[in-house]
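J.: First the structure, which I've put down as structure tokens, then a few questions once you've had a look.
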Amino acid sequence: MRSRMKHLSAAFGSLSLLLLTSMLMSSCLSWIWKDDSGDKEVVYKKDVIELIAKSEAGELELVKKYNCEAAKEYITAFNFLKEKKEFAIETPDARDVATKVAAGCTGAAKRFIQVVELLAASKLDGRNAILIATELARGTDEQTETFMLVFKKAFLRDYLDMNLRASIVLAQKLSLKFKGNQKLVQDSFERMAKFCISTNKLDLSRPQCGEIAARIAAYGENHKENIAKKYIEAVEYLMAKDKANIALFEAMRVAEQLVSISPYAVENFVKAFEYAQSKNGLKFDRKSAINFGRDIAGKTVQEAPVMIAH
């Protein structure tokens with residue numbers, strides 16, 4: 001953390017926070033923050049205040065990109081829009097959209113076209129398809145990949161069979177609005193959906209499973225573990241006759257409470273529950289042991305003092 005602060009200090013010298021904010025707000029370049037795992041995320045002007053807060057906390061590193069192929073991205077996006085006669089988009093509007101796409105740096109036009117074509121093929125009107133695609137164009141390849149994967153799984157009749165609007169909302173939630181690891185959220189969503197619709201697992205309705213899968217996957221935003229895997233482990237443990245032995249929907253409710261705290265809350269619950277029921281432990285009955293396990297699991301996340309070496 002201190003090395004990152006030194007990096008920022010060296011980059012900006014004695015510039016005040018106000019001046020730094022001003023510089024970022026007036027810049028048309030893309031900025032990227034990198035977390036400890038090396039994952040990157042493009043940050044735009046609307047996120048500048050949050051970015052500055054992260055900078056002050058020493059939680060990010062700013063990387064300025066000097067080689068964006070803005071002209072290529074503009075031309076590709078503009079020509080695509082003019083060729084799509086069905087969109088009936090006027091030239092000034094096409095230019096405005098292409099300019100926004102070009103701000104997404106190299107690869108933006110490809111992301112834009114992929115999303116427009118996917119949504120248009122799904123019968124979304126051209127205006128809204130372009131709006132959503134423009135937003136994704138200014139994100140990352142991984143975000144676009146997540147959006148397309150989640151949307152397809154949600155919308156396909158032989159998978160989750162959700163309506164068009166609901167499918168888009170889910171896809172946006174786990175891509176553009178998700179600040180965690182995109183590969184993890186993709187896997188979590190797919191894993192949860194499969195577990196939920198499987199006849200020998202939860203066996204719930206497909207649209208209902210879409211909502212549940214997205215909700216559980218979103219809990220993984222601040223973690224590096226697969227949140228769906230932990231949720232499934234929790235449900236199966238809670239339902240097992242030789243373990244907690246509780247009914248399906250109650251098991252789902254408790255499991256969600258646990259992963260909403262932290263992936264590690266599941267492990268704490270299991271240890272506390274088993275100790276509470278143990279003859280060498282608290283000798284609680286099953287119901288009391290479950291409540292004790294939930295209480296201890298709730299203490300998984302705590303604020304603790306940390307010594308910082310000088």
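Only the coordinates and a few stated rules stand behind these numbers; no lab work does. Please read all numbers here as calculations on a predicted model, not as lab measurements. Heads up, the Cβs are rebuilt from the backbone with ideal geometry, glycines too, and the neighbour counts pull from every protein chain shown.
J.: I'd like the Karplus ³J(HN,Hα) series for segment 81-98: coefficients 6.51, -1.76, 1.60, θ = phi - 60°, whole numbers in Hz, and an x wherever there's a Gly or Pro.
T.: 3J(HN,Hα) across segment 81-98, in whole Hz: 5, 6, 6, 7, 4, 5, 7, 6, 8, 6, 4, x, 5, 5, 5, 5, 5, 4.
J.: So if we plug the beta-carbon distance of D93 and R157 into 1/(1 + (r/R0)^6) with R0 = 35 Å, what FRET efficiency do we get, rounded to 0.05?
T.: Approximately 0.55, to the nearest 0.05.
J.: Still on this structure, I have one more. Karplus couplings for segment 142-149 from phi (6.51 cos²θ - 1.76 cosθ + 1.60, θ = phi - 60°), rounded to Hz, Gly and Pro as x?
T.: Going residue by residue, I get 5, 5, 5, 4, 5, 4, 5, 5 Hz, with x marking Gly and Pro.
J.: Once label points are set 7 Å from the Cα along Cα→Cβ at both N128 and E236, what is their separation, rounded to one decimal in nm?
T.: In this crude label model, N128 to E236 measures out at 3.9 nm.
J.: Note down the nm distance, to one decimal, between modelled labels 7 Å out along Cα→Cβ at K64 and at E190.
T.: 3.9 nm
J.: Same structure again: Of the listed peptides 243-249, 161-167, what is their order by residue-averaged count of other C-beta atoms within 10 Å, with the highest listed first?
T.: Order by mean packing, descending: 161-167, 243-249.
J.: Let me ask something additional. Using the basic label-point model (7 angstrom from Cα toward the beta carbon), what is the I75 to T199 distance in nanometres?
T.: 5.6 nm
J.: Based on the mean of other Cβ atoms within 10 Å per residue, sort peptides 185-198, 122-135 so the most packed one is first.
T.: Ranking the peptides 185-198, 122-135 by packing returns 185-198, 122-135.
J.: Next up: For a label point 7 angstrom out from the Cα of K224 toward its Cβ, which stretches of segment 232-271 have the backbone nitrogen within less than 11 Å?
T.: none
J.: Please sort 77-85, 259-267, 145-153 by packing, taking for each peptide the average over its residues of neighbouring beta carbons within 10 angstrom, highest first.
T.: So the order, starting with the most tightly packed, is 145-153, 259-267, 77-85.
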